[in-house]
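The values are calculated or read from the model by the stated rules, or taken from the named source; none is laboratory data. Keep in mind that this is a model prediction, so the values were computed, not measured. Positions of Cβ are backbone-derived with ideal geometry, glycine not excepted, and every protein chain shown enters the neighbour counts.
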Ligand SMILES: [Zn+2]
């Protein structure tokens, strides 16, 4: 059995050929009765957190889930729906998701929406094929990540509308899982290689805010001209609102 632990500080020295800044340790753990007891207790704990407070557990590996048991409340439902939710850049994350019973469905959709509230109109609009987001800034010689200077913006599309929380030491409190991210893939016409990464919601908000300012997505807008992550000052309650 595999247990995933996240070590995703952006100060990690790990660099890979993609554009992501996150690495995952996959720790093999032997299956024994103590562990199973612990996992069962933990599942029960997660079910009650969901039922009482609407706290969404992390997506689970479908291979370990019973198809007819709701991942959120633990109840049996032969017609449970299966939602695939990408939460990171590893092959393991492609197998993650939720089985959801019909009673949890509406609450689940509300929670998913509220986690991405400020960019929800952008994420969920079928007419919008891409949005802008910044490329990770790296030193051209050493490839080390850099934390200052202008951004280059590219076109991306979300792989799912699931928000995962990660630690980003450039935002909020260092060392605390503080930043909501969306897993995105680059909309790239020129390169064969498929690049995907986790992009902070706040960066997507700023990169696209001016394109949406009139309630329609302005496809002529290019954030490479005004570098909004560095220049745009938004009120704390700013969100993207589209009228269609
Ligand atoms: Zn349920």
Please find, within region 78-95, the residue that is farthest from the ligand (Cβ to nearest atom) out of those that are outside any loop (DSSP other than H, G, I, E, B) and in contact with a strand residue (DSSP E or B) (Cβ under 6 Å, 6 or more places away or on another chain). 95
Does residue 150 satisfy the criteria of being assigned to a loop (DSSP other than H, G, I, E, B) and either touching a residue at least 60 places away in the same chain (Cβ under 8 Å) or within 16 Å of the ligand (Cβ to nearest atom) (or both)? yes
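Condition check ((1) in contact with a helix residue (DSSP H, G or I) (Cβ under 8 Å, 6 or more places away or on another chain); (2) surrounded by fewer than 20 Cβ atoms within 10 Å (Cβ to Cβ)) across all residues:
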| site | (1), (2) |
| --- | --- |
| 194 | no, yes |
| 197 | no, no |
| 213 | no, yes |
| 217 | yes, no |
| 235 | no, yes |
Condition (residue is in contact (Cβ under 8 Å) with a residue 12 or more places away in the chain and within 16 Å of residue 160 (Cβ to Cβ)) applied to region 62-72: is it met by at least one residue? yes
Those residues that are part of a helix (DSSP H, G or I), without any contact (Cβ under 8 Å) to a residue 60 or more places away in the chain, away from the ligand (no atom under 13 Å from the Cβ) and buried (at least 18 other Cβ atoms within 10 Å of the Cβ), I need them from region 96-119; list them, please. 112
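Which ones in region 204-226 are over 23 Å from the mean Cα position of the chain (by Cα) and either touching a residue at least 24 places away in the same chain (Cβ under 8 Å) or assigned to a loop (DSSP other than H, G, I, E, B) (or both)? Lay out the reasoning, then the answer.
Filtering region 204-226 for residues over 23 Å from the mean Cα position of the chain (by Cα) gives 213-216, 218-222, 224-226.
Correct list: 213, 214, 215, 216, 218, 219, 220, 221, 222, 224.
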When residue 167 is evaluated against the numbered criteria (1) over 15 Å from the mean Cα position of the chain (by Cα); (2) at pLDDT below 90, which criterion, by number, is the only one it fails? (1)
Restricted to region 51-77 and to residues being in contact with a helix residue (DSSP H, G or I) (Cβ under 8 Å, 6 or more places away or on another chain) and not in a loop (DSSP other than H, G, I, E, B), the residue farthest from the ligand (Cβ to nearest atom) is 63
